[in-house]
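Comments concern the structure below.
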Amino acid sequence: MREYGSIIAKGALLAAALILAACANPFGDNAPSFEEILSAGWLGAEDKRVPVDPVYCYVPIGAPDCHAEPLAGEGGRLRGYEGPAPVVRVEN
């Protein structure tokens, strides 16, 4: 019975090691920049950056409420934005 416990422990250790190895990011900090990808020919000329219309979305009680400009004093309800980062005032 003792040898089965050892086999189970080794199997659990192996399973844990495999699961943790799957979580590793192979690129990490060495990921190429957008410009490096474009210069390497990975994307065509039509795939260059497209200007984005700013949108700032806030969460009320119901569905998200999105605006073209950030709302003053509503930084606590801001849930996402696309475009320039809004200035959020932190109250003490």
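A short reminder: the numbers here are calculations on the coordinates, not readings from a lab. The shown structure was predicted, so the numbers you read here are calculated from the model rather than taken from an experiment. Here the Cβ positions follow ideal geometry from the backbone for every residue, glycine too, while neighbour counts run over all protein chains shown.
Placing dummy labels 7 Å off each Cα toward the beta-carbon, the span from ARG77 to VAL50 is 3.0 nm. Spin-label model, ALA40 to LYS10: label points 7 Å out along the Cα-to-beta-carbon direction sit 4.1 nm apart.
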